[in-house]
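Any read-out appearing in this document is the output of simple, stated calculations on the displayed coordinates, not a laboratory observation. Everything numeric in this text was worked out from a predicted model, so none of it was measured. Positions of Cβ are backbone-derived with ideal geometry, glycine not excepted, and every protein chain shown enters the neighbour counts.
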Amino acid sequence: MQLTEKMYYYPWRGMGNNCNAFLYAGEKTILIDPGHVHNEYRENCLDNLLLEMEGDGFTPEKIDLIICTHGHPDHCEAAALLQDKYKIRVAMHKDEESHMKMMAAFFQQMAGSKPAQPRIDLYLQEGELELGSGEKKDTIVLYHTPGHSPGSLSIHFPEERALVTGDAVFHSSIGRTDFPGGSMATLGKSVDKLSRIEDIDWLLPGHMQMVKGEEAVRRNFMLIKRMFF
Ligand SMILES: [Zn+2]
Ligand SMILES: [Zn+2]
């Protein structure tokens with residue numbers, strides 16, 4: 001589903017757990033959080049995503065880079081498969097690598113099988129990320145927003161007035177902090193940091209529905225701060 005000129009939204013609509021995916025079609029085509037391959041209900045999460053993307057004209061061959069907001073399997077398991085099958089590079093915050101490995105072992109203990117993990121080809125950190133070169137250059141801004149996990153990233157697309165928040169901020173809620181490496185106090189600082197970004201019309205969280213409209217986004221941050229911190 002196309003949201004803005006360059007931003008596409010693939011909300012998860014199934015029964016079991018999976019994340020929302022996003023695609024940015026600028027100077028480079030970036031897929032954000034491809035999610036699970038299959039989830040706990042054996043739903044075909046990745047097949048479903050690829051089908052929806054194809055409906056918008058995006059085949060895996062057109063993707064230049066995958067960015068995972070963090071390393072939990074419901075956000076990055078499919079990145080491992082796409083990386084192997086289509087040789088797409090995968091980027092993540094540098095602080096997330098050891099956490100991703102630890103959480104894969106943690107989920108193996110809980111669910112019995114170990115989720116696939118991508119190799120990190122490109123380590124990200126807070127700051128501007130330039131895509132393309134010369135006059136045709138896009139700039140996106142990465143924010144390190146730990147608390148749900150140590151290397152969680154949020155991604156600001158200034159031209160699209162969109163903010164992808166992963167599992168830091170949701171519609172009327174926040175990400176859980178009870179996994180290993182989580183911290184409520186740290187998440188509070190991350191939420192505060194994100195709430196200061198101006199001119200956001202599209203708050204695009206990793207789960208549940210988005211928040212649409214500048215005023216609604218402002219109110220959502222106010223509500224969350226009052227409720228949780
Ligand atoms: Zn998560
Ligand atoms: Zn998640």
request  = Using a cut-off of 13 Å between beta-carbons, work out the net charge of the residues near GLU97 (Lys and Arg +1, Asp and Glu -1, GLU97 not included).
outcome  = 0
request  = Holding the Cα-Cα limit at 26 Å, pick out from LYS94/LYS114; LYS94/LYS136; LYS114/LYS189; LYS136/LYS212; LYS28/LYS87; LYS28/LYS94 the pairs that are longer than that.
outcome  = LYS94/LYS136; LYS114/LYS189; LYS136/LYS212
query = Over the Cα atoms of the chain, what Rg and Dmax result, in angstrom?
reply = 16.3, 50
note = Proxy exposure order for MET100, MET208 (fewest C-beta within 10 Å first) is MET208, MET100
ask   = So what's the net charge close to ILE200: Lys and Arg +1, Asp and Glu -1, counting the other residues with Cβ under 14 Å from its Cβ?
value = -1
request  = Mind giving me the FRET efficiency for ARG89 and SER172? R0 is 35 Å, r the Cβ-Cβ distance, nearest 0.05 is fine.
outcome  = 0.50
request  = Output the relative contact order of the range 7-228, whole-number percent, from Cα pairs under 8 angstrom with separation of 6+ residues.
outcome  = 15 percent
query = Where Lys and Arg each count +1 and Asp and Glu each count -1, what net charge lies around GLU160 among other residues with Cβ under 12 Å from its Cβ?
reply = -3
task = Starting from the range 140-227, pick out the GluC sites (Glu not before Pro) whose DSSP state is loop and whose Cβ has at most 12 other Cβ atoms within 10 Å.
result = GLU198
query = In nm, what is the difference between 0.36 nm times the number of residues separating GLU198 and GLN109 and their Cα-Cα distance?
reply = 27.9 nm
inquiry  = Could you work out [θ]222 nm for the chain from helices alone, using -39500 (n - 2.57) per DSSP H run of at least four and dividing by all its residues? Round to the nearest 500 deg cm²/dmol.
reply    = -9500 deg cm²/dmol
